[in-house]
Amino acid sequence: MSTEKPSSGDGVHVAAENDVPEISKMDIKDEAGDLAARALMSGAVDPESSRRVRKKIDLHILPFLCITYALQFIDKTSLGYSSVYGIIADNNLQGQEYAWCSSIFYFGYLIAEYPGVAILQRFPVAKFLGANI
């Protein structure tokens with residue numbers, strides 16, 4: 001008799017319980033991967049726990065995201081507003097110099113993005129954010 005559960009009909013193989021490797025046998029080297037493996041192997045989550053976690057996320061993380069996006073928007077539009085209020089004349093910008101001023105931010109972002117992501121993968125998130133802030 002087979003230990004496999006029947007497939008769901010859409011070509012997806014549903015593994016039997018003994019097909020799932022134990023956490024101790026898995027070669028996971030980072031904390032996030034270990035937490036993800038434990039979460040996937042723990043089974044189904046009851047709706048009450050899921051609701052509590054979603055409520056915590058909504059109350060704690062979403063306000064920070066909204067504030068961050070608002071500050072990013074203000075930052076991006078401030079250079080546009082400054083052109084109306086005389087940054088071009090005050091700094092004697094001519095030709096494409098104003099366009100280069102607005103591009104400098106994006107060049108710095110592109111240069112810093114790869115090292116930032118590489119460091120974030122190698123160090124704990126709290127230390128990375130603490131060093132950046």
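The values are calculated or read from the model by the stated rules, or taken from the named source; none is laboratory data. The structure displayed is predicted, hence computed values, not measured ones. Neighbour counts run over all protein chains shown; Cβ positions are idealised from the backbone, glycine included. With ligands, DNA and RNA removed, areas are computed over all heavy atoms of the protein, side chains included. Shrake-Rupley method; radii C 1.70, N 1.55, O 1.52, S 1.80 Å.
List of remarks:
- A residue that is over 30 Å from residue 105 (Cβ atoms) and open to solvent by 90 Å² or more (accessible area, probe 1.4 Å) cannot be found anywhere in the range 71-87.
- Test: residue in the range 92-111 that is open to solvent by less than 90 Å² (accessible area, probe 1.4 Å) and either under 22 Å from residue 30 (Cβ atoms) or among the β-branched types (Val, Ile, Thr) (or both): no
- Counted residues, the range 112-133 - those being within 18 Å of residue 34 (Cβ to Cβ) and of a type in the set (A, V, I, L, M): 3
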